[in-house]
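Here's the structure, in structure tokens; my notes come after.
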Amino acid sequence: MGLTCADELVRAGHDVTVCDPSPGAGATYAAAGMLAPAGEAWFGEELLLRLGQESLARWPSFASSLSERSNIDVDLRAGGALLVAGDRDDLEEVHRACRLLDDSGVRFEELGRRELRVREPRLSSRTVGGAFLPDDKQVNPRRVVDALLAVLGDRVVRQRAVVRKDGVALEDGTRLRADVVVLATGATGLPRVRPVRGEIVRVRTTDAPACVLRARLHGERVYVVPRRDGEVVIGATEEEHSTNDVAPIPTVGGVARLLETARALLPGLETAQILEITARDRPGSPDNGPLIGDVPSDGPARHLLAGGHYRGGVLLAPVTAAAICAYVAGRETPPFVDAFAPDRFNALNRDEDSCT
Ligand code: GLY
């Protein structure tokens, strides 16, 4: 998120320094890279769906500009996603999701048992139906980070920074004065943001599915994202954690559930080779929507948040970067961005106070 905002600000002519001891090593490192506003859509989150659609529309030009400038192919792929159900209850949830997409004008195609397996013959014969989401896409987030680091070059300072009234102080004691500080620190250090742990497994197989699969099998959720060269990302667990926890470490229980569900979905994964198991914390907010915009600052430097993107950081990076750029320039932002201003929770606080 921070690197994308920095890139957009540099392209708008601003003098930018990114302070991060290990850029791309947070939630992005575990992200599967699904650009999936339709696949992630849920009731009560219609504004988030809208924001996601706006960002998805920006991805093709962002990806091609980034690939051209960095000479790194970020592997943006269209091809859609399949929602897959393992039993009647799971299928009922797919139907509910489709009704929501219908109300929001998003394209989908409901599929019966046979139609589903015609689209993806590798699926278990026990799957009962689903839906195809033609507009969802995917990208390789680690390649995106490499590309952003290449274009930002020595604007990235690999040090921790502490926010000061007039800018930031680096851990080596250097003070950087700034007109604006954009806070994009992921799951740590942002107001209202809580860590939601996720575990993923990367495998290599000769039997990868043709497109992204998002399945619910007897209530267990799993997604399977095919990449180049037979690599497949299997994700992701979801677990709330206290902010005091130690660094995210994968657990036997979480990984076993993921692998069992993925193997039940795609029997061909039986012989897949495990390449990597990773856990990271997603940055969740009280309403699961991002925090984009001004927060109070007690000094001359203005503070903007670009955080709390929860399950959608990769998807929402381009629209967030454009919004941050607009805020910095004092330009108007569209209502679908203003809906995610950090001060929306101030009203929540007042309501809570009046109830107690
Ligand atoms: N966007 C997928 C996840 O957060 O696991």
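The values are calculated or read from the model by the stated rules, or taken from the named source; none is laboratory data. Bear in mind the structure is a predicted one, so any value in this text is a computation, not a measurement. Positions of Cβ are backbone-derived with ideal geometry, glycine not excepted, and every protein chain shown enters the neighbour counts. Note: areas computed on protein heavy atoms with side chains; ligands, DNA, RNA excluded. Shrake-Rupley method; radii C 1.70, N 1.55, O 1.52, S 1.80 Å.
Could you sort 98-111, 321-334, 33-46 so that the peptide with the highest average Cβ count within 10 Å comes first and the rest follow in order?
By packing density, highest mean first, the sequence is 33-46, 321-334, 98-111.
Could you tell me which of rounded, prolate or oblate describes region 81-122, using a ≥ b ≥ c as the square roots of the eigenvalues of the alpha-carbon gyration tensor, with rounded for a/c under 1.5 and, failing that, prolate when a/b is larger than b/c and oblate otherwise?
Oblate shape, in that a/c is at least 1.5 and b/c is the bigger or equal ratio.
Based on DSSP H runs of at least 4 residues, each adding -39500 (n - 2.57), what is the mean residue ellipticity at 222 nm of the chain after dividing by all its residues, to the nearest 500 deg cm²/dmol?
-10500 deg cm²/dmol
If each of E332 and H14 carries a label point 7 Å out from its Cα toward its Cβ, how far apart are those two points in nm?
Output for this residue pair reads 2.1 nm.
Taking region 244-313, how much of its Cα-Cα pair set, in percent, is spaced more than 17 angstrom apart? Could the numbers behind the result be given before it?
On the way: 1575 of 2415 pairs.
The calculated P(r) of region 244-313 puts 65 percent of pairs beyond 17 Å.
Please work out how much length the chain gains when fully extended from R69 to S297, using 0.36 nm per residue of separation minus the C-alpha to C-alpha distance, in nm with one decimal.
Working: separation 228, 0.36 × 228 = 82.08 nm, distance 3.49 nm.
Computed gain between R69 and S297 is 78.6 nm.
Just how far, in whole angstrom, is region 119-146 from region 47-86 if you go by their alpha carbon centroids?
Spelled out, the Cα-based centre of one part sits 13 Å from the other.
Could you calculate, for region 188-324, the ratio of the Cα radius of gyration to the Kirkwood radius, expressed as Rg to Rh?
We get a ratio of 1.06 for region 188-324.
For the chain, report the accessible area per residue in Å² (1.4 Å probe, heavy atoms, rounded to an integer).
48
Which three semi-axes in whole Å describe the equivalent ellipsoid of region 162-205, each the square root of 5 times a Cα gyration tensor eigenvalue, listed largest first?
33, 15, 9
As I understand it, the value is the acute angle between the Cα axis of helix 46-70 and the longest principal axis of the Cα atoms of the chain; what does it come to in degrees, rounded to 10?
80
Kindly work out what percent of the DSSP beta bridges joining two residues of the chain are antiparallel, to the nearest 5.
Working: 50 of 61 bridges.
If we restrict to bridges inside the chain, about 80 percent are antiparallel.
What's log10 of I(q)/I(0) for region 93-178 at q = 0.15, 0.19, 0.21, 0.22 Å⁻¹, Debye sum over Cα points only, no solvent?
-0.72, -0.93, -1.05, -1.09
When the Cα centres of region 283-319 and region 155-169 are compared, how far apart do they sit, in Å?
18
Let me check the size of region 29-182 from its C-alpha atoms; what are the radius of gyration and Dmax in Å?
20.9, 64
Assuming a viscosity of 0.692 mPa s and a temperature of 37 °C, what translational diffusion coefficient in µm² per second does Stokes-Einstein assign to region 296-335, Rh being the Kirkwood radius over Cα pairs?
Numbers: Rh = 11.5 Å.
D = 286 µm²/s.
Can you tell me, using C-alpha contacts under 8 Å and at least 6 residues apart, the relative contact order of the chain as a whole percent? Don't skip to the end; give the middle numbers.
Numbers: 732 pairs, mean separation 83.5, N = 356.
Relative contact order comes out at 23 percent.
Return the carbon/sulfur percentage of the accessible area of region 1-58, one whole number, probe 1.4 Å, all protein chains in place. Present the calculation step by step, with values, prior to reporting the outcome.
Details: 1150 of 2420 Å².
About 47 percent, which is the carbon plus sulfur part of the accessible surface.
Taking only the Cα atoms of region 144-221, how large is their convex hull per residue, in Å³?
Measuring per residue, one finds 200 Å³ for the Cα hull of region 144-221.
When the accessible area of region 72-149 is computed with all protein chains present and a 1.4 Å probe, what percentage of it is carbon and sulfur?
With neighbouring chains kept in place, the figure for region 72-149 is 43 percent.
Please grab the % of Cα pairs in the chain that end up more than 34 Å from each other.
26
Note down, for region 221-276, the three equivalent ellipsoid semi-axes (square root of 5 times each alpha carbon gyration tensor eigenvalue), biggest first, whole angstrom.
Working: eigenvalues 117, 32, 20 Å².
Output for region 221-276: semi-axes of 24, 13, 10 Å.
Principal axis lengths of region 116-275 from Cα atoms, whole Å, largest first?
Rounded to whole Å, the extents work out to 62, 35, 29 Å.
Could you tell me what % of all Cα pairs in region 1-113 have separations over 19 Å?
When all Cα pairs of region 1-113 are counted, 60 percent exceed 19 Å.
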